[in-house]
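The values are calculated or read from the model by the stated rules, or taken from the named source; none is laboratory data. In this text, all values refer to a predicted model and were calculated from it rather than measured experimentally. Backbone-built Cβ (ideal geometry, glycine too); neighbour counts: all protein chains shown.
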Amino acid sequence: MVFFIGIFSTPHFSMIENKFVANDREYFKVNHDEINKLLPKVSSIDNGDDIEAIFERKLNDFDNLGYFPQIYESSLQATYYALYILEALGKLDYINQTKIIDYILDHYSEDLHIFIDEYTHRYLNMNFPQMYYPLSSMLEIHCYAVLSLDILGRLDLINTQVSTSFIWSCLNPEDDENGFIGQPYDDELVSEFKIATMDNTFFALSTLNLFIDDWPGYGFYLNKIVPFINSLQTINGYDWFFGSFLNDKDLTLDTLGSPLFEPNLLSSYYAVKSLHIIDLVDTIRTHEFHTFLNVIYDEQEFKFQVSDISNALDIVATPIGLELSDITGFSNFSRTEVLQFIMNNRNSLGNWDRSTVYKYHELIDTFQIIRSLKEIGEISQLTEPEKEEIANSLTYYEQERGYSLLSNDYMSLETINSVVNSFYQKGRIGDLDISGLYELIKRSCVFDHYRGHIQIYASTALDPNIIGFRSYPIEYYKYGKLNDSDGLNFLSSHKSTYLALDSLKKIFKLNDLGYLYDLDKALNAVLDSQFQSIGNEFHGAFLPFPISIPQEYQTGYISFEYSFYAMKLLKLLANHLNLGAIESLSFNKTALYQYVKSNVYESETVTHFNPQYCPDIESLTENTYYMVYLLKELGLYDLNSQKIRNFIYQNIDTPNLKILYYQYKISEILDLQVEFNCSYTNALVQDLYSNEFKEYYSDLNTSRIEQVNFFRVVDMALNDDLQVNCEYNQEILLGQVNSITASFRNMILTDFGNQISVVFESPQLGVLNLEKQTEFNYYVDFLVSESPSNYPKVEGIIRVYDYIKEIGQSYVSFLTSYNFHSHGLKIATNNNSVNFELNVSYEFASGFNPAENSRVQAKIYKNDIYFDTQLFDRVDNYDHSCFTLYFEPEKDFKYSFDIILIDEYHPNGITLYQHTISSSEEPIPDPEPTPDPINLPNPTIGTILVFIISLLIPFVIYGVSGYIAFRVIRAIFRRKRKHSPMKVELEIKNTGNKGKGNPFNDIFSGEED
């Protein structure tokens, strides 16, 4: 026979409404003055070192323990259990009492004037007929805090009058007989919340007993409470439970949780102990109660049973039975052997399991055993070493500030999946104990004969015969109204199934599980869980698992998260079973699409998913990612991505790791190119790291550690694109040395380890290795040669490699130049020709050089029509080249010359000058022919001188006039310099351009003649 604890709802269904809504959730925030106490987070080393430390811790933990220690949520209930145990053992000095006091006081609500925690909110959100949560009502949570302060001797820190008034307000005033309910009574409470229970009554009286010395003075209240308790004793019939006590009067509501169906020994304990507190035990039917004790006592093994379910809780039940025997005078048992049974059944942790058969060791088990041993004065049965072992065993339940209901060896599948995926992303799956992990996951898988398919539970170390935790830890038991809750948690769901199968796939063990269980049936179970009710707002969504309850109650189980995990699970199984794309599976895709779209919020600027509950930024961002994923997988994504991008940017600096991760995932899946501030995100993640736990907090304001944060950080660290920053000279001369300093980071990392290599890959320069110069900088110097291939720019890619895997890159480009010098264009003309002369040199970083591999040509136009192209002659000198051209124009034509330089840097040529001449001017007349000789008288000396002077005068006049004209023309040219057209029988146009980045800077430094 298999028992399920908290898996199914009670068979009673009724629509009720809880109108008590706690609106004060400030207890979850930590006073800023307490930050240093709360967060030993700030690390002085890089996030990469922190991540590596977690990897090593995980490996060491599994090697030494066989599991990854689980971190659970602290609770006031568990903290009270731990304090009671330590006080009973005389070991309170083992703990930091100040820290515990601070933890308790942080959960005091100034608005409600009581102590509350997450379990309080879970209680208030119960949506009957879903599972009732025992021992965690609003009243009981408050009582645990007060009782804890009493143990610590600090009741002076609270207003005891206010506290007692709250407790009395929880007494149900209806009828003449009644007890305490879980919250202040109100006529408008739904009927289930008005049901008085013995566990509420017991803890109320236990707490009131701290402040009341004279119970007879409270006769008005006792006259209601005592008859109520006695009315719960079963005195009819002859069943095994004859003489025992119920926990409440409603036979349809199981207020102590399954499988402890009432009546049983525990419900009887709360009844008898309540009467014992007020010294009225004699009012019960003692003989009948002894009959019950006699039935549940096993005289063969010297132990008590809790109910007719054999050995379900025998180790815990035995000291409780012993205490009730002492209180009521029952003696038909062997006390020595009973005590020996208790002492002989401690487990390997040093404390106790609940049962000799079902090996669960929740904190409540040891608490109830120690409580009874203390009450009957038998703590002395424990030796001092045994007391120390029990006290030390509490470290398994110890959290950063308080204690949890479960020990850390109950590992969640979410933690396993986080670790497995982190090692998978890192390429280190082989480092894990694959066989050990497979066995742990396999033990969480149970074939459900009732449903006909495999059921996978969210925690390891569950007993397959009785599945579930009797203390109902919130990590696995959180059903209720979603209007004031951030989600639902189930012990078994599509989420736990996906996490298990995904982990097995990553460690190459999914086929092994497939040999044991029919995974086709698992896939069909997911398909069967789609909610089909046309017209209902949830039509098309997925339930967390197939539920065989009336449809009108199924909506209470729907949370958008489980539609996401249903889709993830369908995709995984379809791939594994070779069923093709998810679109080929038989589920109502249109209904799912319409369900998603009906919950989309869109304004003029933003779009996000609106889950209609808990509209905090964390929930909105997480559900928006689920929305995007689902629509993408359905092939029906039709949202405004820019508005989703705007939604991310509105909250991009929220100091919350979960928000940051889902923002990153949304940007990744939609390729939004969201630019995260890497300096901010890097510092945030560093501040969220706990060096003590080797885990990450979720935000800076709470003590909430989510172990899935490890994978979130690893995912971003390994997959976020690097932001590579390169510094270098943007422009250099050919032949000069340039330097590149590269640094890189992503959202998480600044240092990527010693295996990182950085290279500059350039088609011009080849592959250059950058050397690590500082913790974050890589550096290289390189010479850019005068090769024309390096002109006019050098470009390439900085590539960052993790071993051989490229993890980042950045484009690099810088301009190169050389200074081109032309020492002026010289033009000489005569009657029949034009002579051009041009001196050219290149200036590189090494100095001046001739233009050896270049040529200059003149493109000639006659009357604006292309005529010819002629090359200049070149003579190379030491530091320049001289180009000359001789040209004979024809008469009566206009000639234009485009003088073009062609070299290796400008293979298509560049025009240096433009020049125009006209050949229509009158040529200088030829000299007159020499006349024939005439007989003249013989010349005298004077005649000869006159003749010579007459010949020289024209030459002098022409010479002076020419010199003056030359000076005038040169002055004009000096004013106009290089860029002005020159027109004296000719026109020269310089086409050079000077300016920044022009390789011909200062090329016309010479004069034009």
Query - Close pairs (7 angstrom Cβ cut-off, 6 or more residues apart or separate chains): closer than 13 Å to Ala461 by Cα in segment 349-361, in a loop (DSSP other than H, G, I, E, B) and basic (Lys, Arg) anywhere - result: Asp353/Lys359; Tyr360/Arg354
Report summary line: Only unsatisfied item for Tyr629, checking (1) closer than 23 Å to Lys505 by Cα; (2) over 20 Å from the mean Cα position of the chain (by Cα); (3) not charged (D, E, K, R), is (2)
Query raised in the report: Can you spot a residue in segment 525-539 that is of a type outside the set (Ser, Thr, Tyr), surrounded by 20 or more Cβ atoms within 10 Å (Cβ to Cβ), within 28 Å of Leu405 (Cα to Cα) and touching a strand residue (DSSP E or B) at 6+ places or on another chain (Cβ under 9 Å)?
Result: no
**Report entry** Members of segment 363-397 that are in a loop (DSSP other than H, G, I, E, B), surrounded by fewer than 24 Cβ atoms within 10 Å (Cβ to Cβ) and touching a residue at least 12 places away in the same chain (Cβ under 8 Å)
**Finding:** Ile376, Glu378, Leu382
Query raised in the report: Does Gly237 meet the test of being without any contact (Cβ under 8 Å) to a residue 60 or more places away in the chain, surrounded by fewer than 19 Cβ atoms within 10 Å (Cβ to Cβ) and part of a loop (DSSP other than H, G, I, E, B)?
Result: yes
Requested in this report: Tell me, please, whether a residue that is part of a helix (DSSP H, G or I) and assigned by TED's automatic domain parsing to the domain that holds His142 can be found in segment 246-265.
Outcome: yes
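Quick one: would you say Leu232 is of a type in the set (A, V, I, L, M), surrounded by fewer than 22 Cβ atoms within 10 Å (Cβ to Cβ) and out of contact with any His (no Cβ under 6 Å at 6 or more places or on another chain)? Even if it seems obvious, please write down each step before you answer.
Values: of a type in the set (A, V, I, L, M): yes; surrounded by fewer than 22 Cβ atoms within 10 Å (Cβ to Cβ): no; out of contact with any His (no Cβ under 6 Å at 6 or more places or on another chain): yes.
Criteria not met by Leu232.
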Report summary line: The residue from Asn719, Asn729, Asn709 that alone is over 25 Å from Ser641 (Cα atoms) and surrounded by fewer than 19 Cβ atoms within 10 Å (Cβ to Cβ) is Asn729
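Scan segment 680-690 and tell me whether some residue there is under 30 Å from Ala581 (Cβ atoms) and crowded, with 21+ Cβ neighbours inside 10 Å.
The answer is no, given that none of the residues of segment 680-690 is under 30 Å from Ala581 (Cβ atoms) and crowded, with 21+ Cβ neighbours inside 10 Å.
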Query raised in the report: Out of (1) out of contact with any helix residue (DSSP H, G or I) (no Cβ under 7 Å at 6 or more places or on another chain); (2) farther than 30 Å from Ser407 by Cα; (3) not aliphatic (A, V, I, L, M), the odd one out for Glu337 is which?
Result: (2)
Query raised in the report: Identify, please: which residue in segment 180-209 is over 14 Å from Thr255 (Cα atoms), without any contact (Cβ under 8 Å) to a residue 60 or more places away in the chain and not charged (D, E, K, R) and is, among those, surrounded by the fewest Cβ atoms within 10 Å (Cβ to Cβ)?
Result: Tyr185
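Before we move on, is Val856 in the same structural domain as Pro763 (by TED's automatic domain parsing), out of contact with any helix residue (DSSP H, G or I) (no Cβ under 7 Å at 6 or more places or on another chain) and either without any contact (Cβ under 8 Å) to a residue 12 or more places away in the chain or crowded, with 16+ Cβ neighbours inside 10 Å (or both)? It would help to see each step written out before you state the result.
Values: in the same structural domain as Pro763 (by TED's automatic domain parsing): no; out of contact with any helix residue (DSSP H, G or I) (no Cβ under 7 Å at 6 or more places or on another chain): yes; either without any contact (Cβ under 8 Å) to a residue 12 or more places away in the chain or crowded, with 16+ Cβ neighbours inside 10 Å (or both): yes.
No; evaluated as a whole, the condition is false for this residue.
Kindly indicate which of Leu83, Leu38 is buried (at least 19 other Cβ atoms within 10 Å of the Cβ) and modelled with pLDDT under 85. Explain how you work it out, then say what you get.
On the way: Leu83 fails: modelled with pLDDT under 85.
That would be Leu38, the only listed residue that is buried (at least 19 other Cβ atoms within 10 Å of the Cβ) and modelled with pLDDT under 85.
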Report task. Name the one entry in Tyr410, Tyr397, Tyr403, Tyr358 that is more than 32 Å from the chain's Cα centre (by Cα) and aromatic (Phe, Trp, Tyr). Result -> Tyr358
Report task. Scan segment 147-181 for residues that are part of a helix (DSSP H, G or I) and touching a Phe, Trp or Tyr at 6+ places or on another chain (Cβ under 7 Å) and jot them down. Result -> Leu147, Ser148, Ile151, Thr160, Thr164, Ser169
Query - Of the criteria (1) under 20 Å from His906 (Cα atoms); (2) within 44 Å of the chain's Cα centre (by Cα), which one Ser817 fails - result: (2)
